[in-house]
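A quick write-up on the structure given underneath.
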Amino acid sequence: MDADERRQLAAVADYQFERGAGDVLFPLDEEPVVRRTSSGRPAQIHVGAAAGTHDDEGRPGGDRLVSYGEDGRFRLGIAGGRRLVDAFDAPALRVVVGDESEPFVRDEKNVFAKFVRAAGEEIRPGDEVAVVHTDGRVLAVGRAELSATAMLDFESGMAVQVRSGAEG
């Protein structure tokens, strides 16, 4: 990834998540592996020890930070969710759940409003969020279906459509 592309992707992250998210997701001291579409547009960005490897189907190894959608928005991977959670004060960019939800969320089941303990006040429907346990561990990443206020006020309804659950 060249410097111009890194700046462009960081600007998207700053706009979509919060100022500073671009530096958190794409630090200058790291060289992520970018999987591209046939037109050359970034599709997925991976990091980690196995980032330069590929599986039998040609998918990149390592941890996926984000996928870059055709709509110009990022879809968080677990690695990207962890970076954001580590960098920003709670409850920003996250939805917090307790013990009763943990096994289901890790198993990529959706989060329902009645189980939400806290949520970043900036969260709107459609936002990418990390789902974390009350102790701070990232359990999953997904798309918010409700605003933070609605998540905390409603007793029913889906709060987060979980896309990927964390292992362990």
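Annotations
- Test: residue in segment 3-16 that is under 30 Å from E155 (Cβ atoms) and either modelled with pLDDT of 95 or more or among the basic types (K, R) (or both): yes
- Evaluation of G81 against (1) on the phi > 0 side of the Ramachandran plot; (2) modelled with pLDDT of 95 or more (one fails), failing number: (1)
- Within segment 1-26, considering residues that are in a loop (DSSP other than H, G, I, E, B) and either out of contact with any helix residue (DSSP H, G or I) (no Cβ under 9 Å at 6 or more places or on another chain) or of a type in the set (S, T, Y) (or both), the one farthest from A79 (Cα to Cα): D2
- Qualifying residue in segment 93-115 (condition: touching a Ser or Thr at 6+ places or on another chain (Cβ under 6 Å) and within 22 Å of Y15 (Cβ to Cβ)): no
- Any chance F74 is touching a helix residue (DSSP H, G or I) at 6+ places or on another chain (Cβ under 8 Å) and buried (at least 19 other Cβ atoms within 10 Å of the Cβ): yes
- Scan of segment 83-97 for residues that are over 18 Å from A144 (Cβ atoms) and either within 13 Å of the chain's Cα centre (by Cα) or of a type in the set (G, A, S) (or both), ordered by number: R83, D86, A87
- Every residue from segment 17-42 that is aliphatic (A, V, I, L, M) and modelled with pLDDT of 95 or more: A21, V24, L25
The values are calculated or read from the model by the stated rules, or taken from the named source; none is laboratory data. These numbers come from a predicted model, not from an experiment. Virtual Cβ from ideal backbone geometry, glycine too; neighbours counted across all protein chains shown.
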